[in-house]
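Data first, discussion second: the structure below is written as structure tokens.
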Amino acid sequence: MTDKETERAPEARLDPRYSDDSAAAIPWPDAEALLSAAELFWISTVRPDGRPHVTPLPAVWAHGALHFCTGPDERKAKNLAHNPHAVLTTGTNIWDKGYDLVVEGEAVRVSDDGRLRELAAAWETKYGDFWHFEVKDGYFHHGPGHAVVYAVAPRTVFGFGKGEPFSQTRWRF
């Protein structure tokens, strides 16, 4: 990704239908900080027969995109080979506290070893030694297996402020 891609400022719009009168859209850098700090995401992909598939996974925010990894034979990798559209969701399971984020975009494989080494270091910094990856031939290697890494640059992000004031913000890129 170029510097321009990582610095693009999305258009933010607060939806008054789902927001309290006193609500305001949070600035995009605050939403990015929440994405960067979140430990668990739920990824939604579409099976070749059109049925949805949802599973939890860790992810790293870098270069203006969420990055995740999966085994090449796992269901989400097979789904993405057929349809690259994905949604990653994070937040809390509490209805009246916190902030939820929904990131919509297209999953693009990352295979450059230099970039993968940078991402492997970010994974280990964020999640600890358990998530130590070696990088070789365009894959993360961990124990006996290897994993494909994907980047999902947001096309649209929804933010849901829960509690007083309730809000719904949409950022378009």
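The values are calculated or read from the model by the stated rules, or taken from the named source; none is laboratory data. None of these values were measured; they are calculated from a predicted model. Heads up, the Cβs are rebuilt from the backbone with ideal geometry, glycines too, and the neighbour counts pull from every protein chain shown. Side chains included, ligands, DNA and RNA excluded: accessible areas come from the protein's heavy atoms. Shrake-Rupley method; radii C 1.70, N 1.55, O 1.52, S 1.80 Å.
Of note:
- Dipole axis of region 2-114 (+1 Lys, Arg; -1 Asp, Glu on Cβ), positive-most option in 36, 9, 50: 50
- If you sort the three axes of the alpha carbon gyration tensor as a ≥ b ≥ c, you get a/c of 1.5 or more for region 37-122 and a/b no higher than b/c, which makes it oblate.
- Gyration tensor (alpha-carbon) shape descriptor, region 84-173, a/c threshold 1.5: prolate
- Residue-normalised accessible area of the chain, expressed per residue, 1.4 Å probe, Å²: 55 Å²
- Alpha carbon centroid spacing (whole Å) that separates region 104-173 from region 40-78: 10 Å
- Ligands, DNA and RNA left out, the 1.4 Å accessible surface of region 28-173 is 54% carbon and sulfur atoms.
- Charge tally in the Cβ shell below 14 Å around residue 164, where Lys, Arg are +1 and Asp, Glu are -1, residue 164 excluded: -1
- Answer label, with semi-axes √(5λ) of the Cα gyration tensor in Å calculated from the coordinates and candidates [x] 29, 17, 15; [y] 22, 19, 17; [z] 39, 24, 15: [x]
- Net charge of neighbours whose Cβ lies under 10 Å from the Cβ of residue 96, counting Lys and Arg as +1 and Asp and Glu as -1: +1
- For residue 120, the shell of other residues with beta-carbons less than 15 Å away shows a net charge of -3, using +1 for Lys and Arg and -1 for Asp and Glu.
- Using the Cβ-Cβ distance between residue 134 and residue 173 with R0 = 35 Å, the FRET efficiency computed as 1/(1 + (r/R0)^6) comes to roughly 0.60.
- The sum of -39500 (n - 2.57) across all DSSP H runs of n ≥ 4, divided by the residue count of the chain, sets its helix-only mean residue ellipticity at 222 nm to -6000 deg cm²/dmol.
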